[in-house]
Amino acid sequence: MSTKYDVVIGLEIHAELNTATKIFCRCANTAGGADVSEPNRNVCPTCMGMPGALPAVNRMAVEKSILAGMAFGCRINDVVMFERKHYFYPDLPSGYQLTQLERPQCLGGGITLSTGKLIRLNRIHLEEDAGKLVHDEVRGETLVDLNRAGTPLIEMVTEPDISNAAEAVEFLEEVRSRLVYSGVADCKMEEGGMRCDVNISLKPAGAKKFGNRVEMKNLNSFKMVARAIEYETKRQAKLLDDGKAVAVQTRKWNDASGISTPMRGKEQEVDYRYMPDPDQLMIRITDGDVARIKKTLPKLAHELRAEFVAMGLPEYDADILTRDKDLTKFFINALGSYPSAKPLANWIMTHVLARATNYRIEISPVQLVSIIQMVDKKDISQKNALEIIDEIWGTEKDPKKVAKDKGFTNKVAAGEIEAIVVELMATNEKAVADYAEGPDKVVNFFMGQVMKRTGGRADSVVVKEIVVEKLS
């Protein structure tokens, strides 16, 4: 794209809170892990928008939205209120969405990117999600599933501080990390637990006035966000280069084709006919509430990364170990009984993650530490250790018992190793003759043969010493 334009990007991020029940009724919240095998199962008159049904706000949803604000350094409003945002859509049975406009839950805050650039938040507000439309292309029908209707959402609105796709993705990755680590949301993007609307406009480089804004709706993966931004940036630049105006509109992104298409003209605030919800009282948040909720905020990934680096881990290791909340918890728990951070990190990153699918670790910290300690004491070889990991993966088996049952703990005496090496040298004269030209290769060959003969029970350090001594 030509450098004569500045790209201006703002994000609207929706994340489903993982409360047990929905925001205005006692129906199970599907984002909280409720059974959704049957459409329209977790519904009631309130979330179905029935006349006369009165909503009652979920206290936990309010507290989780405050906790989210704390994770981003927001100011918590002392009084919040709900408004009705009117628009018609088949999966919004009441005909309006309960949201926050004038008195949102949180104001300000932001995230500093790795480049040092601050991306500011304008607000975080609490609202209800709509249902879900299921399109049956075979029958040519659209079905409505209201299991999701009434799910508590937070919407995070940024200031227009983002300049390109890379910044947007880094910001979103950190948003997801903080929401997950704080325990506010699961952010399973493939299930719609976190999704993003991207607002993009171009303006002449250095100009103060923004260009016409285009909104890309419901992007639910980081790659999709990046591709949509790059496409839309080029599309708008070409229009401006050709002397054409960029239409103010909402566009739909098709990730398969890699293009966007118009959906509708962009709504303005007045189009939604906001009005205070007469069924909801204003909510007062006291200093005591804020202090109590703040005590429940755990350490976030960026804070833990700094702690791991301070204890001697390279930044790369610290980054890997904080990419998933369960992985971080596993490392911290294992560290409690095996305080050597770097060796422990190496075992986890090399041997545990190699066996884990999507960070699903099916060995306990206690089991792993037991295995590592046996290796450190030379009770078993590392080869034995990997066999034990495979044996106990997904089970509660005791690694020490497995090692004993497999005969790994029966150490081979040095005299026995020496006898095996002498025998191997006698039957592999060519390898002995090649020692002068390629000592490492020959040593590794004989070590491998000894370990094979002993079933991996020999101490590799002792084996190497004897092999080198005899060959020399």
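Holding the Cα-Cα limit at 25 Å, pick out from Lys406/Lys452; Lys203/Lys252; Lys4/Lys244; Lys4/Lys217 the pairs that are longer than that. Before the final figure, lay out each step's value.
Values: Lys406/Lys452 15 Å; Lys203/Lys252 22 Å; Lys4/Lys244 16 Å; Lys4/Lys217 27 Å.
Exceeds cut-off: Lys4/Lys217.
Identify unpaired cysteines across the chain, taking unpaired to mean no other cysteine Cβ lies under 4.7 Å from the residue's Cβ.
If one checks each Cβ against the other cysteines of the chain, Cys25, Cys27, Cys44, Cys47, Cys187, Cys196 turn up with nothing under 4.7 Å.
Given points 7 Å out from each Cα along the Cα-Cβ axis, report the Lys470 to Glu12 separation in nanometres with one decimal.
7.6 nm
Using only protein heavy atoms and a 1.4 Å probe, report how much of Ser257 is accessible, in Å² to the nearest 10.
60 Å²
From a point 7 Å beyond the Cα of Glu437 in the direction of its Cβ, which residues of segment 443-472 have a backbone N at a distance under 15 Å?
443
For Asp326 and Glu173, calculate 0.36 nm times their separation in residues minus their Cα-Cα distance, and state this gained length in nm to one decimal. Don't skip to the end; give the middle numbers.
Details: separation 153, 0.36 × 153 = 55.08 nm, distance 1.65 nm.
Fully extending the segment from Asp326 to Glu173 adds 53.4 nm.
Which order do the peptides 318-325, 38-45 take when ranked by the mean count of other beta-carbon atoms within 10 Å per residue, highest first?
With the highest mean Cβ count within 10 Å placed first, the list reads 318-325, 38-45.
Which listed residue (Gly336, Met156, Leu107) has the Cα farthest towards the positive end of the charge dipole for the chain, taking +1 on Lys and Arg C-beta and -1 on Asp and Glu C-beta about the Cα centre?
Leu107
Points 7 angstrom from Cα along the Cβ direction at Met311 and Lys452: gap in nanometres?
Placing both labels 7 Å along Cα→Cβ, they lie 4.1 nm apart.
Considering only protein heavy atoms, what is the solvent-accessible area of Val157 at a probe of 1.4 Å, reported in Å² to the nearest 10?
30 Å²
So between Leu239 and Ala291, what do we pick up on full extension, going 0.36 nm a residue minus the alpha carbon distance? Working shown, then result.
Values: separation 52, 0.36 × 52 = 18.72 nm, distance 5.16 nm.
Here the answer is 13.6 nm.
Which shape class applies to segment 255-311: rounded if a/c is under 1.5, otherwise prolate when a/b exceeds b/c and oblate if not, where a ≥ b ≥ c are the square roots of the Cα gyration tensor eigenvalues?
Judged from the Cα gyration tensor, segment 255-311 comes out oblate (a/c at least 1.5, b/c at or above a/b).
Does anyone have the angle between helix 325-335 and the longest principal axis of the chain? Alpha-carbon axes, 0 to 90°, nearest 10?
40 degrees
Taking 0.36 nm per residue of sequence separation and subtracting the Cα-Cα distance, how much length would be gained by fully extending the chain between Arg360 and Arg284, in nm to one decimal?
Details: separation 76, 0.36 × 76 = 27.36 nm, distance 4.09 nm.
Result for the pair: 23.3 nm of gain on full extension.
For the chain, what is the mean residue ellipticity at 222 nm derived from helices alone (per DSSP H run of n ≥ 4: -39500 (n - 2.57); sum divided by total residues; nearest 500 deg cm²/dmol)? All intermediate terms of the calculation are to be shown ahead of the outcome.
On the way: 15 runs with 169 residues, N = 472.
Rounded to the nearest 500, it is -11000 deg cm²/dmol.
By the scheme Lys and Arg +1, Asp and Glu -1, what is the net charge of all other residues having a beta-carbon under 9 Å from that of Asp379?
Numbers: positive: Lys377, Lys378, Lys400, Lys411; negative: Asp376.
Around Asp379, the surrounding residues sum to +3.
Taking R0 as 22 Å, what's the FRET efficiency between Tyr89 and Ser221 from their Cβ-Cβ distance, rounded to 0.05?
Values: r = 23 Å, r/R0 = 1.05.
Plugging the Cβ-Cβ distance into 1/(1 + (r/R0)^6) gives 0.40.
Could you let me know the centre-to-centre spacing of segment 158-191 and segment 394-472, using Cα atoms, in angstrom?
So the separation of the two Cα centres works out to 51 Å.
Within a Cβ distance under 13 Å of Leu344, other residues only, what is the Lys/Arg minus Asp/Glu net charge? Working shown, then result.
On the way: positive: Lys342; negative: Asp317, Asp376.
Summing Lys/Arg as +1 and Asp/Glu as -1 gives -1.
In nanometres, what is the gap between the two model label sites at Glu396 and Ala207, each 7 Å from Cα along Cα-to-Cβ?
My value for the distance between the label points is 6.7 nm.
What does the charge count around Glu170 come to, taking other residues whose C-beta lies under 12 Å from its C-beta (Lys +1, Arg +1, Asp -1, Glu -1)? Please list the in-between numbers first.
Details: positive: Lys117, Arg176; negative: Glu167, Glu173, Glu174.
After counting each charged neighbour, the total is -1.
To test your reading of the geometry: what angle, between 0 and 90 degrees and rounded to tens, separates the Cα axis of helix 59-71 from the longest principal axis of the chain?
Roughly 70 degrees between the two axes.
Read phi for every residue in segment 164-174 and hand back ³J(HN,Hα) as whole Hz from Karplus 6.51 cos²θ - 1.76 cosθ + 1.60, θ = phi - 60°, with x for Gly and Pro.
Running phi through 6.51 cos²θ - 1.76 cosθ + 1.60 with θ = phi - 60° gives 6, 5, 4, 5, 4, 5, 4, 4, 5, 4, 6 Hz.
Considering only Trp393, Ile229, Asn428, whose Cα is most displaced toward the positive end of the charge dipole of the chain, charges sitting on Cβ of Lys, Arg (+1) and Asp, Glu (-1)?
My answer, from the dipole projection, is Ile229.
The values are calculated or read from the model by the stated rules, or taken from the named source; none is laboratory data. This structure is a prediction, so every number in the text was calculated from the model and none was measured. No Cβ is skipped: glycine too gets one built from the backbone with ideal geometry, and neighbour counts run over all protein chains shown. Keep in mind that these areas ignore ligands, DNA and RNA; they rest on the heavy atoms of the full protein, side chains included. Shrake-Rupley method; radii C 1.70, N 1.55, O 1.52, S 1.80 Å.
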